[in-house]
1. Could you sort Arg112, Arg219, Arg166, Arg63 by accessible area so the largest value comes first, with the probe set to 1.4 Å?
2. For the stretch 31-79, state the semi-axes of the equivalent ellipsoid (square roots of 5 times the eigenvalues of the alpha-carbon gyration tensor), sorted largest first and rounded to whole angstrom.
3. Listed highest first by mean packing, meaning other Cβ atoms within 10 Å per residue, what order do 36-44, 76-84 come in?
4. Compute the Rg/Rh shape ratio of the chain: radius of gyration over Kirkwood radius, all on alpha-carbon atoms.
5. Treating the Cα atoms of the stretch 38-138 as identical point scatterers in vacuum, please give the log10 of the normalised Debye intensity I(q)/I(0) at q = 0.13, 0.17, 0.24 Å⁻¹, two decimals.
6. Just to compare against my own numbers: the Cα pair-distance distribution for the stretch 92-164, 5 Å bins, whole % per bin, please.
7. Given 0.36 nm per residue, what is the gain on full extension from Gln37 to Glu60 after removing their alpha carbon distance, in nm?
8. Which lysines, if any, have their Cα less than 20 Å from the Cα of Lys182, not counting same-chain residues under 8 positions apart?
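The values are calculated or read from the model by the stated rules, or taken from the named source; none is laboratory data. Computed from a predicted model, the values in this text were never measured in an experiment. With ideal geometry, Cβ positions are generated from the backbone for all residues, glycine too; neighbour counts draw on all protein chains shown. For accessibility, only protein heavy atoms count, side chains too; no ligands or nucleic acids. Shrake-Rupley method; radii C 1.70, N 1.55, O 1.52, S 1.80 Å.
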Amino acid sequence: MKKHFLLWLTYSLFGIVPSLVQAQKTTNYDLASLLEQKKLTVYNRTIYLSDDKMAVKLNEKDREGIVWLNGITFGNGTIEIDLKGKDVLQRSFLGVVFHGVNDSTYDAVYFRPFNFHAKDSIRRIHAVQYISHPVYTWSKLREERNGVYEKAVISPPDPNNWFHARIEVVGETVQVYVNDVKTASLTIKKLNDRKDGKIGLWVGDGSDGEFKNLKITRR
C-alpha cells in the first residue's frame, strides 16, 4: 500500500494518474464461477449455467426475479455487463439492480430487447428503463413522467444476440450506454436518497435472460 501511495503521489505532482491505481478500483466477476461456488442468492427464479458454461441463465416465470451477489455492494461508479434477451413481445425484460436493500427495494436499469427495432416509434422509446422499487414502478413512471425514465437505445443491437451495457452511477445521476456508442441512451436522476447497497441481476415479469462478463468499477 505504501508503494502504491508513493507512486500515486509522484505521478500526481506531474498531473498523471497511474494506471496501477486505477486498475485497483475495477473488479471482474465471473458469474458462472460464482454460481458454482454458491455465492449467488436467487429470488423468484431458477439459475443455471449456459450451454457453453460461460454465462448464467435465469428461467422464465411470473413476476420479477433477482440474483444478488453475496456480500458485494456498490455505491458510485460503473457497472458493465453483457446481456442476451430475445425478440419476443413482452417476454424479454433484463438488466441489473443496484443500491438494493432487499428483494422489493432497489434501483434497476433494464432493457426491452423486443423494442430495439420495433416499427412502432412509441415502442422504440420504451427500450431502456430506470425504476426505483417499490414506489417508482415502470407503470407509475410512464403514467406520471412519460418519456423521462425510459428511452430508445441509440444504434440498437440485435435483440436476439449478446449486447454490452455500461451503467454509470455518479451521485444522483445514472447514465446508460450500449455497446461502443459514446452517447448515453438514458440519463436520469435517481428517485431515492440511497447512496449504496446490494447489486445483482434482474429479469422482469414473464421473462428469462442470460448474463456474463460483469465488471464493476468503484469511485
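1. Details: Arg112 10, Arg219 165, Arg166 60, Arg63 125 Å².
Putting Arg112, Arg219, Arg166, Arg63 in descending order of accessible area: Arg219, Arg63, Arg166, Arg112.
2. Ellipsoid semi-axes (Å, largest first): 19, 15, 11.
3. Taking the mean over residues of other Cβ atoms within 10 Å, the ranking is 76-84, 36-44.
4. 0.99
5. -0.52, -0.90, -1.55
6. With a bin width of 5 Å, the distribution comes to 3, 17, 26, 23, 16, 11, 3, 0.
7. 6.0 nm
8. Filter leaves Lys151, Lys215.
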